[in-house]
Amino acid sequence: MRLPSWLSQHLAALRTLLVFTVLLGLAYPLALVAIGRLPGLDHRADGSLVTVGDTTVGSSLIGQSFTDKDGNPIAEYFQSRPSAAGDGYDPTATSASNLGPESVVDTLSANPDDAKQSLLTQVCARSLAIGELEGVDGSRPYCTADGVGAVLAVFHRDGLTGPVTRVVSVNQTGTPFVGSYDGVPVEPASNGEDYQALGGIITPVRGTAPAHPVVPSDAVTAGASGLDPDISPAYAALQVPRIARERGLPEATVRALVKEHTDGRALGFMGEPGVDVLDLNIALDQQK
């Protein structure tokens, strides 16, 4: 007896559902778990945990912050790069900030929950803070002395052309970083105003900072995953004098440790060298 066509179609769909449930919902996950338990892979499958004695101190694949309970850098440790994953290095919220080079205007508000820093201001603030921590010049092009993006909204009489009629420092509600622009006094910004929508031309001002800042770029920008455990050799070198001073070690000893924990390019030509911050800090603690 032939079944009705509609019933045959439903039975075929049910068989397909059961087959793919078994294959993709059971067999495939179990196969991946089994592969992850193979010798040489089991360490990575378990999260590449790093232990010192009987204590797990972190992961060799996932970075972490070396800060106190208030988020301030612990001076005797090498610092990691910034992270935009959750509250920082959260593997359940791996992500980047999704801000690009055109993110130069802050959202200003009297309510801190509504205020939002542009990527430029984040970079400027981080560079200034690292400069103060390391005792070096933290200035960068297009940054103000107080660590925000040096950006003006310039208004012209005829819209895009003609004499300048008004200038606003869009990222500052206090004293502007420059007194005048093209002979026109610069105004501080007001909370909640969108000066670009009002007709202002957004104009970053380079300033007098060196073309090659002392603070490396990886020290002020978050990685794409937010979980990067490495920093550049340049950022590690910048931190050597502070580490040596805080720990009472010769700088040569600290530099040797940095070199020992620096990995070269993959296959000798891919990517850039990196310094594993966790392993380096563990090695520092063992110096005691």
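The values are calculated or read from the model by the stated rules, or taken from the named source; none is laboratory data. These figures come from a predicted structure and were not determined experimentally. Cβ atoms come from the backbone with ideal geometry, glycine included; neighbour counts cover every protein chain shown.
The figures follow:
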item: Pro273, sole failed condition from (1) closer than 27 Å to Gly149 by Cβ; (2) not assigned by TED's automatic domain parsing to the domain that holds Leu128; (3) not hydrophobic (A, V, I, L, M, F, W, C); result: (1)
item: Residue check for Pro101: outside any helix (DSSP H, G or I), surrounded by fewer than 18 Cβ atoms within 10 Å (Cβ to Cβ) and modelled with pLDDT under 95; result: yes
item: Exclusive hit being of a type in the set (S, T, N, Q), under 22 Å from the mean Cα position of the chain (by Cα), modelled with pLDDT of 95 or more and not in a loop (DSSP other than H, G, I, E, B), set Thr121, Thr203; result: Thr121
item: Helices (runs of 4 or more DSSP H) fully within segment 2-85 counting 3 or more residues that are aliphatic (A, V, I, L, M) and at pLDDT 90 or above; result: 5-22
item: Ala145 vs. criteria of a type in the set (Gly, Ala, Ser), exposed (fewer than 14 other Cβ atoms within 10 Å of the Cβ) and under 25 Å from the mean Cα position of the chain (by Cα); result: yes
item: Pairs where the first residue, in segment 108-131, is closer than 18 Å to Ile74 by Cα and in contact (Cβ under 8 Å) with a residue 12 or more places away in the chain and the second is of a type in the set (A, V, I, L, M, F, W, C) and part of a helix (DSSP H, G or I), C-beta under 9 Å, 6+ apart; result: Arg126/Ala219; Ser127/Ala219; Ile130/Ala219; Ile130/Leu238
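Each row is one residue, and each column tells you yes or no for (1) among the small types (Gly, Ala, Ser); (2) surrounded by 15 or more Cβ atoms within 10 Å (Cβ to Cβ); (3) assigned to a loop (DSSP other than H, G, I, E, B).
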residue	(1), (2), (3)
Pro185	no, no, no
Ser190	yes, no, yes
Tyr195	no, yes, yes
Val215	no, yes, yes
Ser225	yes, yes, yes
Arg242	no, yes, no
Lys259	no, no, no
Ala283	yes, yes, no
